[in-house]
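Can you keep this structure in mind? I'll have questions shortly.
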Amino acid sequence: MIANTASRMRLLGMIRKETWQILRDPSSIAIAFVMPVVLLFLFGYGVSLDAKHIPVGIVIEQPDLATRSLAGSFSRSEFFSSVLYSTIQEAEKALDKRDIEGIVWMRNNFSANLLSGRQAPIGVLINGVDSNQANITRGYIQGTWLAWLSHYTEAHGRPLPMPVTLEQRVWFNAALSSRYFLVPGLIAIIMTLIGSLLTAMVVAREWERGTMEALMVTPLRIGEMLAGKLIPYFILGMGGMLFSVVLAVWEFDVPLRGSFWLLTLSAALFMLVALLIGLLISIVSKNQFVAGQLAIIVTFLPAFILSGFLFDINSMPAPVQLLTHLVPARYFVAILQTLFLAGDIWPVILANMGALLVMLIFFFTLVRIKSRKRLD
Amino acid sequence: MTQPALVLSDVSKTFRSGGRLIQALSDVSFQIQPGRVTGLIGPDGAGKTTLMRLAAGLLVPDKGNIEVLGIDVGKDPIQVQSQVGYMPQRFGLYEDLSVQENLELYADLQNVPRQERPVRYKELMHMTGLAPFTRRLAGQLSGGMKQKLGLACTLVRSPQLLLLDEPTVGVDPVSRRELWQIVYQQVQNAGMTVLLSTAYLDEAERCDEVVLVHEGNLLGQGNPQDFSDEVSGHVFQISAAHLGARQLQAQLSHAPGVLDALIEGETVRLVMQAQAAANPDILLPGESGVKITPLTPHFEDAFVAKLKTRPDRDEQKLDLKVGISGQIGDEVIQVKNLVRRFGDFVAVNNVSFSVRRGEIFGLLGANGAGKSTTFRMLCGLLPASSGQLAVAGHDLRVAAARARGSIGYMAQKFSLYSNLSVLQNLRFFSSAYGLRGKRQSKRLHWALTTFELESYRDANAADLPLGYKQRLSFAAALMHEPEILFLDEPTSGVDPLARREFWAWTNALAEIGVTVLVTTHFMAEANYCDRLVILSDGEVLTQGTPREIKDLARNTANPDPTMEDAFITLIEQKKTAA
């Protein structure tokens, strides 16, 4: 009992000290609350992976009804902003200068061929420098062309022979807005920043300023020291998470279809993993600069690139896909995207939470083994 | 006899640093008795901090056994940590917490019962003089106050054994004296045992007992008086009618039977070998008007005598050719009403002094007194807020770069490239000052031979022994034959022998007309300067020759005051005037 009160006094002392420090250090508040706002606004408004208003050149060598109607369907489409040219040379020049991303080329025999029922090919030239963009552009040009063709044939009483028609519906993110899947994923990034980067720097600072040595010679137990560090930053991180969720739902209109409590629970799990990694980094590197660099390379960048937040994991090469399994943010991003856009899909949530739990146990054991009340 | 408070038996500890093994302690055994202040005395790198950390259970010895208050540290470090108070060299104050909050934290961590706290806090704040500042952030305290707060935090739960690792380093003499008073109060009132480490040899005399360590070895243990007594009758003050103190010292250090010759104002302090007599005809053949008076030995005399009787190093005669233009006695550095502000804070306030050619001029003061700021302005590294600064005839406001060409600078910390070899370092620094071709190779040769660095020429600077690092820094500062030499805390942390070697070079340079400006927080080193200013809180406390300054504190009660006494007297005068 006496040991218990003594232990509680030490733990509370540590927590109180950390809280004072957080409140007085503008950089921790900035990382927890200003950073989410900046990132959310940047990714919510600034970055869009949707293709809209792609500049394409339409080459019409012989203007007539058919070519004008096809050109019209390009200029009406919100995917394109089209520029008309009368010769292919002019259009190629514009493509060279990157004024336009692609060319739709209707030769002078286009209408003649079309009317006579023969093959009426159009030429499509696409700037392939940005392969992703090129694919999207090609797809949209093809779609627009096919839509126009079926419309045209119908109007001329010659329905296109199509054995299979595509009737597509997009689930969960019906408008295919990239914001809907970027914003939930961002919460994982923000929590990684608070949990790993901030914690690693803060503990490294204690080493740098010599306060760690003074703490170590007090009767403070190692478990109390770890808990004293974890608890305040856990609360700070969860605060940052809540703040981001509020922003996501109210500012960016991202639907939260799953249960809030499940979200909190999985966030808590992920937060602990991130904190433990932060502690581990600070045990390895005892100065702030190295700890900061290490935290960015080991946690932040993988969370950004390999978590499926920005880049689709399935389209990565197989070895890299394997690597993503080591990134805790990967599991949390999956949970976040599911909870926000799809709802409580238990098999997905449980599998990912299980993975996070395994990571938690692994890192906890590692931190316990590695942290000793010793200087060597 | 009561149980000893700390027992070390055959303790050894090695560290691995960059592939090299460093023997921090080798087979050290001693014990300290309860209820006394024991001083752990030795220069930097002697193993003092390692020893303290071992005793606090923060390190585990490679070999040997340590018992603190009857507890085996290896077996139960937590038990030891709840009985001892340990103040590391850089005490872990949280600078973003207030004085009160720092106390609260350590009271929590040390499990001080809540009902006892108010009384204890009051007592500690009163003792340290921090009572008016309890709400101030620790980061905004002066160096001395920080150190006292650190001590208060360590004492918040009265420990049985108090381990203090260099508590007084860089602290101003007044705070230093107060720290010692607090320590003695603890011993007398609470029966505490104190082990205190220090690199200041003059502090040894304040301890009940001292333990001497040097390069990881125990040199001896005993009453400080007993150590001094060993050289009693062999310490003299010597002066000669026709020789300046510097020439006198240079001659005496090569005279037979002399262990140590040290400049003290206009005279030289001499420590002789036990069997040698202080005979003027042997010491200074052919000199007239030689006056020799016996002195009471200081602890430092004994320490140096002890070190010197070990295998001696060769003292070499320096050949320092530096081309000096101009007359000895010209004013080469002029500082007038110098002010430097950082926001609201005035770091240097209305400082004026001038330095003549061929003079060794000291800037003396505690950490935070404004020495480094003044220094940086003189080097043209920091613009002055107002006032005039001229170095070697160049106004630093308009021609900082040209002024720098005639300055050699040796920074406080070893600031050469540790992963370059000795030769590469020298080559780089000489080319940075525009030396190339024949002149460069001549100077490189000069540096390697004069400072005996030839055998280390291809060794990385990081792997040099401490004394050789210092030589290398010194050589690098002299590559371009500067007529003015700026030395920032050059002797901080080096052992007394290396310090003497260093001053021998500096003296030799001054003899040939190089102007030397040196900062130090060792009050005793002020004696080596021709003239000095004492800075305190950014202001000039006083300036003059060492003798003039010491005269300020001379009275019947204290006929032979030290520089430190003078400093304290001046501070007190300033306080009463305010």
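Any read-out appearing in this document is the output of simple, stated calculations on the displayed coordinates, not a laboratory observation. If you're wondering where the values come from, they're calculated on a predicted model, not measured in any experiment. Cβ placement follows ideal geometry from the backbone for every residue including glycine, while neighbour counts extend to all protein chains displayed.
Output the 0 to 90 degree angle, nearest 10, between the alpha-carbon long axis of helix B:143-154 and the longest principal axis computed from the alpha carbons of chain B.
20
Can you pull the mean other chain C-beta count within 10 Å for peptide B:91-98?
Shielding by partners across B:91-98 averages 6.
Here's a follow-up. I need the fraction of alpha carbon pairs in chain A separated by more than 40 Å, rounded to a whole percent.
Summing the P(r) of chain A above 40 Å gives 36 percent of all pairs.
Is it possible to state the helix-based mean residue ellipticity at 222 nm for chain B, with each DSSP H run of 4+ residues giving -39500 (n - 2.57), the sum divided by total residues, to the nearest 500 deg cm²/dmol? What is it?
Helices in chain B give a 222 nm mean residue ellipticity of -9500 deg cm²/dmol.
How large are Rg and Dmax for the stretch B:6-222 when calculated on the C-alpha trace, in angstrom?
Rg and Dmax of the stretch B:6-222, Cα atoms, are 17.1, 53 Å.
Classify the stretch A:335-376 as rounded, prolate or oblate from the Cα gyration tensor: take a ≥ b ≥ c as the square roots of its eigenvalues, call it rounded if a/c is under 1.5, otherwise prolate when a/b beats b/c and oblate if not.
Since a/c reaches 1.5 and a/b is larger than b/c, the shape of the stretch A:335-376 is classed as prolate.
Still on this structure, please answer the following. Partner chain Cβ atoms within 10 Å, averaged over the residues of A:22-30 - can you pull that number for me?
1
What is the Cα centroid distance between the stretch A:308-376 and the stretch A:144-158, reported in whole angstrom?
Cα centroid of the stretch A:308-376 versus Cα centroid of the stretch A:144-158: 49 Å apart.
Return P(r) of the stretch A:8-116 (all Cα-Cα pairs; 5 Å bins starting at 0; whole %; ordered from short to long distances).
The distribution over the stretch A:8-116 is 2, 10, 13, 11, 10, 7, 5, 5, 5, 5, 5, 5, 5, 4, 4, 3, 2, 1, 0, given as percents.
Related question: By the gyration tensor of its Cα atoms, with a ≥ b ≥ c the square roots of the eigenvalues, what is the shape of the stretch B:430-518: rounded for a/c under 1.5, prolate for a/b over b/c, or oblate?
Since a/c reaches 1.5 but b/c is at least a/b, the shape of the stretch B:430-518 is classed as oblate.
Measuring from the lowest to the highest alpha carbon on each principal axis, how far does chain B reach, largest first, in angstroms?
For chain B, the Cα spread along each principal axis is 72, 59, 57 Å.
Which whole-number percent gives the relative contact order of chain B, counting Cα pairs below 8 Å spaced six or more residues apart?
13
Let me test this: with uniform point scatterers at the alpha carbons of the protein assembly as shown, what is the Debye-based log₁₀ I(q)/I(0) at q = 0.04, 0.05, 0.06, 0.10 1/Å?
Scattering profile of the protein assembly as shown, log10 relative to I(0): -0.31, -0.46, -0.62, -1.22.
Looking at chain B, what % of its DSSP beta bridges pair antiparallel, to the nearest 5?
Beta bridges within chain B, antiparallel portion: roughly 60 percent.
Can you find, among B:L472, B:L389, A:N127, the residue farthest towards the positive end of the dipole of the protein assembly as shown? Put +1 on the C-beta of Lys and Arg, -1 on that of Asp and Glu.
The one lying farthest along the dipole's positive direction is A:N127.
Let me ask you something else. Rounded to the nearest 0.05, what FRET efficiency is calculated for A:I222 and B:Q89 with R0 set to 30 Å and r the Cβ-Cβ distance?
Working from the Cβ atoms, E equals 0.85.
Nearest 500 deg cm²/dmol is fine: what mean residue ellipticity at 222 nm does chain A get from its DSSP H runs of n ≥ 4 alone, each adding -39,500 (n - 2.57), divided by its residue count?
Computed ellipticity for chain A at 222 nm equals -18500 deg cm²/dmol.
Could you let me know the centre-to-centre spacing of the stretch B:217-258 and the stretch A:257-306, using Cα atoms, in angstrom?
Cα centroid to Cα centroid, the span is 63 Å.
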